[in-house]
1. Run the Debye formula on the Cα coordinates of the chain, all scatterers equal and no solvent, and tell me log10 I(q)/I(0) at q = 0.08 1/Å.
2. Which is farthest toward the positive dipole end of segment 195-414 among Val210, Ala292, Leu315, measuring Cα position about the Cα centre, with Cβ charges +1 (Lys, Arg) and -1 (Asp, Glu)?
3. Roughly how tilted is helix 271-281, in degrees to the nearest 10 and between 0 and 90, from the longest Cα axis of the chain?
4. Of the DSSP beta bridges with both residues in segment 10-183, give the percent that are antiparallel, rounding to the nearest 5.
5. I'd like the FRET efficiency for Gln103 and Tyr22, computed as 1/(1 + (r/R0)^6) with the beta carbon distance as r and R0 of 22 Å, rounded to 0.05.
6. Quick query: amide H of Ile219 versus all other amide H atoms, modeled in the peptide plane; which residues come in under 5 Å with a sequence gap of 5 or more or a different chain?
7. Do you know the relative contact order of the chain, to the nearest whole percent, from alpha carbon pairs under 8 angstrom that are 6+ apart?
8. When the Karplus curve 6.51 cos²θ - 1.76 cosθ + 1.60 is applied with θ = phi - 60°, which whole-Hz ³J(HN,Hα) does each residue of segment 53-62 get, with x for Gly and Pro?
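Derivation of every value follows stated rules applied to the coordinates shown; laboratory data play no part. Remember, predicted model here, so these are calculated numbers, not experimental data. No Cβ is skipped: glycine too gets one built from the backbone with ideal geometry, and neighbour counts run over all protein chains shown.
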Amino acid sequence: MTAASLSAARILLIIGGGIAAYKSLELIRRLRERGARVRVIMTQAGKHFIAPLSAAALSGQKVYDDLFSLTDEAEMGHIELSREADLLVVAPATADLIARMAQGLAHDLATTALLATDKRTLIAPAMNLRMWLHPATRRNVALLERDDVLFVGPMDGEMACGEFGPGRMAEPLEIVAAIEAALANTTVIPLPGGARAAFSSALAGMHVLVTSGPTHEAIDPVRFLANRSSGRQGHAIAEAAREAGARVTLVAGPVALPDPAGVQTLHVESAREMLTAVENALPADIFIAAAAVADWRAAQPGRNKIKKGGGPPTLKLVENPDILATIAGAARGRPRLVVGFAAETENVLDNARAKLRAKKTDLIVANDVGGESGVFGGRSNLVHLVSADGVDSWPAMDKSEVGRRLIARLAAMLGAGS
């Protein structure tokens, strides 16, 4: 399925056992009104929160819940059920369901369908904030992200238990938007071999150097200048480069993400520290500056915490070093390809073209990070590849997919893997 429209799309919706299950009924309605066909699997726990009859009435289809049902297996076996869909959606995805997915368990119809599918899966987590932030859940989420599972949410908000924080399931229309973004790309999971094997050696023997995340520029010992970058895109690019067979060095600013497996990760705080780490990591065949480096820093950070009183202090700023321009303009040892990012809030393409010329890069990956885009801190991205040859605009997709496509493009530009 490559059409972005939901018209005639086939969605297999798996409803887990969480209080947010009531939102899944609205999700079914929203998908149906856009022309999608929805089949539903409910876990046994999910049936404690909403009635299968409600899901059946809204979907217009039978609800499936029993792995060992003789009639269901005869009419629509779990293999066919998962493979006839264009996309699998888990909403709500509880901590338990996420854990079982990460471990590849198949205890019931839901997890068996998830394991037997040849299509990608989008999950909408929903759980108590402490469960979401628990190290075990973070490990499970990281495993699923490496397996190309797509995520929408969770969002910050008030919980049914009265606590407030991350763990609230995304709203139905937010999930619909994520489904549309997923369907804009192929959702078929390729078997090992073929194109996947070619990709796995596309950058073999090469060194790829990537920057990721924000930088923190100290104002005093407790305050700093920063931005909303999560580092997800840079980390996804580093993982994709590793998958393509490269030796990868990732220079990461302060992020709340696990280090990608098989990647040498160097942790820094400030722009000056990032530049030093990048220069020390050279030489490299490809340099990808995905980090959102702070443009300015305090000229004289306070040695002690700046106290209130007498009005706000005057903060004098000085420019940080331009890491991208420094590497791209190097007279000696310049990487064969230098890629920059342009995070813009207006005139995205014009600003990206200007940056391409000014920084002397080979490629600029431009995106709109305005307040409504959800790119900074989010899991999806809509980018434009700007080069001297023109602009290639990609549809919205998961940041992991952006990373793989970008690495494949760079490999093609180098003539690698051919």
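1. -0.49
2. Of the listed residues, the answer is Leu315.
3. With rounding to tens, the tilt is 90 degrees.
4. On the way: 4 of 22 bridges.
Bridges in segment 10-183 are about 20 percent antiparallel.
5. Numbers: r = 28 Å, r/R0 = 1.27.
Using R0 = 22 Å, I get an efficiency of 0.20.
6. Phe224, Leu225
7. With pairs under 8 Å counted, the relative contact order is 13 percent.
8. Values, residue by residue: 4, 5, 5, 5, 5, 6, 7, x, 9, 5 Hz.
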